[in-house]
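Have a look at the structure below, then the notes.
Bear in mind that the values in this text are calculations on the coordinates, not laboratory data. Source: prediction; values computed, not measured. FYI the Cβ positions are ideal-geometry reconstructions off the backbone, even for glycines, and counts take in every protein chain you see.
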Amino acid sequence: MIDIHCHILPGLDDGSKTLEETLGIVRQLQVAGLETLIATPHVIEGTDFLRAEEILTAVEQVRQAIAEAGIPVKIFPGAENYIFPDMAKWVRAGKLLTLANTGNYILVELPMLEIPHYVDQVFFELQVEGLTPVLAHPERYRELFHEPERLVEWANKGILFQLDLRSLSGRYGPQSKRLAETMLNSHLIHFLGSDAHRVSQNESVDREALQRVRQLLDEETFEEVAVKNPQRILEREIIMTNGDYELKIIENIKGKRRFWDLFRK
């Protein structure tokens with residue numbers, strides 16, 4: 001299985017601080033069944049933004065270290081790019097890394113508390129540049145708890161979604177967990193990511209989350225999101241979607257309710 005979102009490069013962001021810590025995280029992910037990792041440190045516009053060259057150098061360092069440690073895991077470069085209006089210009093200038101550095105898919109992060117007014121324009125401009133935006137952990141954005149229909153609109157425009165596995169454990173709260181499960185049920189998840197920043201005290205958290213994904217998806221769909229779709233990133237292939245998504249209604253013990261009503265308190 002392939003993890004397209006993790007923070008394992010030592011000393012580059014708020015993830016791993018040391019190479020030793022990196023090896024600990026990689027071991028845990030490998031035990032969970034994640035044998036290929038795309039390292040995605042945070043890249044934020046500004047004078048101190050993380051440059052592609054720094055990421056590529058750190059990936060080579062980690063590759064050498066895991067080889068010497070005998071850990072059977074493959075590492076590829078990437079970035080979790082925090083959205084800003086001029087993203088497409090930065091892509092043209094070669095400042096932003098795509099997933100696995102293949103030039104086809106770009107991991108994009110939004111603010112947690114509100115959706116910027118320019119999001120749709122940025123998504124469109126990235127697509128004009130030939131990139132497919134992959135939205136990092138959509139189940140965690142507060143505004144989408146109340147406007148989940150926007151996920152359908154974006155998916156129908158070709159935006160792809162990456163689920164944080166640990167959302168299924170309730171780590172980010174019950175609303176994130178509920179939205180994650182509903183997106184899986186609605187086939188609105190295209191990739192999985194651990195979003196691992198450090199060695200977890202619960203060594204089974206990712207394995208248990210993967211088991212939950214298996215419960216919510218049929219075997220073919222699980223294979224798509226865990227293996228085939230991320231493999232298509234590595235091989236520069238186009239991921240075809242049906243372009244006709246919809247949110248499935250969730251049932252509770254009192255009967256059916258509108259999905260977004262489940263998030264309102």
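Of everything in region 18-45 that's out of contact with any strand residue (DSSP E or B) (no Cβ under 8 Å at 6 or more places or on another chain) and without any contact (Cβ under 8 Å) to a residue 40 or more places away in the chain, which residue is farthest from Phe84 (Cα to Cα)?
Restricting to residues being out of contact with any strand residue (DSSP E or B) (no Cβ under 8 Å at 6 or more places or on another chain) and without any contact (Cβ under 8 Å) to a residue 40 or more places away in the chain, the top hit is Glu20.
Scanning region 137-174 for residues that are farther than 24 Å from Ile239 by Cα, among the acidic types (Asp, Glu) and assigned to a helix (DSSP H, G or I) yields one hit, Glu143.
Of the residues making up region 159-186, those that are hydroxyl-bearing (Ser, Thr, Tyr) and under 14 Å from Arg142 (Cβ atoms) are Ser167, Tyr172, Ser176. Whenever a residue of region 178-200 is over 20 Å from Glu80 (Cβ atoms), its partners that are of a type in the set (Asp, Glu) and in a loop (DSSP other than H, G, I, E, B), lying with C-beta atoms within less than 7 angstrom and at least six residues away or across chains, give the pairs Ser186/Glu246.
Only residues that are closer than 20 Å to Asp14 by Cα and in a strand (DSSP E or B) were counted across region 63-105, and they come to 6.
When region 127-136 is examined, which residues are found to be part of a loop (DSSP other than H, G, I, E, B) and either acidic (Asp, Glu) or under 25 Å from Glu246 (Cβ atoms) (or both)?
Keep residues of region 127-136 that are part of a loop (DSSP other than H, G, I, E, B), which gives 129-131.
Glu129, the sole residue that qualifies.
Mind checking whether some residue in region 67-83 is within 23 Å of Pro230 (Cβ to Cβ) and free of Cβ contacts under 8 Å to residues at least 24 places away in the same chain?
Checked region 67-83: at least one residue is within 23 Å of Pro230 (Cβ to Cβ) and free of Cβ contacts under 8 Å to residues at least 24 places away in the same chain.
Taking the stated definitions as given, is Ile38 surrounded by 15 or more Cβ atoms within 10 Å (Cβ to Cβ) and over 30 Å from Val119 (Cα atoms)? Against the criterion (surrounded by 15 or more Cβ atoms within 10 Å (Cβ to Cβ) and over 30 Å from Val119 (Cα atoms)), Ile38 does not qualify.
How about region 8-31: which of its residues are polar (S, T, N, Q) and either under 16 Å from Arg207 (Cα atoms) or not in a loop (DSSP other than H, G, I, E, B) (or both)? Full working, then the answer.
Initially, region 8-31 is screened for residues polar (S, T, N, Q), giving 16, 18, 22, 28, 30.
Residues satisfying the conditions are Thr22, Gln28, Gln30.
Hey, can you tell me all the residues within region 111-126 that are in a loop (DSSP other than H, G, I, E, B) and either on the phi > 0 side of the Ramachandran plot or surrounded by 13 or more Cβ atoms within 10 Å (Cβ to Cβ) (or both)? Result: Pro111, Ile115, Pro116, Tyr118. Lys177 falls short on exactly one of the conditions (1) in a loop (DSSP other than H, G, I, E, B); (2) of a type in the set (Lys, Arg); (3) farther than 18 Å from Gln30 by Cβ, and that condition is (1). Considering (1) assigned to a helix (DSSP H, G or I); (2) more than 17 Å from Ile38 (Cα to Cα); (3) not aliphatic (A, V, I, L, M), the lone condition that Asp206 does not fulfil carries the number (2).
Do we have Phe49 as surrounded by fewer than 21 Cβ atoms within 10 Å (Cβ to Cβ) and either of a type outside the set (Lys, Arg) or touching a residue at least 12 places away in the same chain (Cβ under 8 Å) (or both) here? Spelling it out, Phe49 is indeed surrounded by fewer than 21 Cβ atoms within 10 Å (Cβ to Cβ) and either of a type outside the set (Lys, Arg) or touching a residue at least 12 places away in the same chain (Cβ under 8 Å) (or both). I'd like to check something: does region 227-245 contain any residue that is of a type in the set (Gly, Ala, Ser) and touching a helix residue (DSSP H, G or I) at 6+ places or on another chain (Cβ under 7 Å)? Within region 227-245, one or more residues are of a type in the set (Gly, Ala, Ser) and touching a helix residue (DSSP H, G or I) at 6+ places or on another chain (Cβ under 7 Å).
Across region 227-248, which residue is nearest to Trp154 (Cα to Cα) among those that are β-branched (Val, Ile, Thr) and part of a helix (DSSP H, G or I)?
Result: Ile233.
Return yes when Arg142 is within 19 Å of Ile38 (Cβ to Cβ) and not hydroxyl-bearing (Ser, Thr, Tyr) and no when it is not. Judged against the criteria, Arg142 is not a match.
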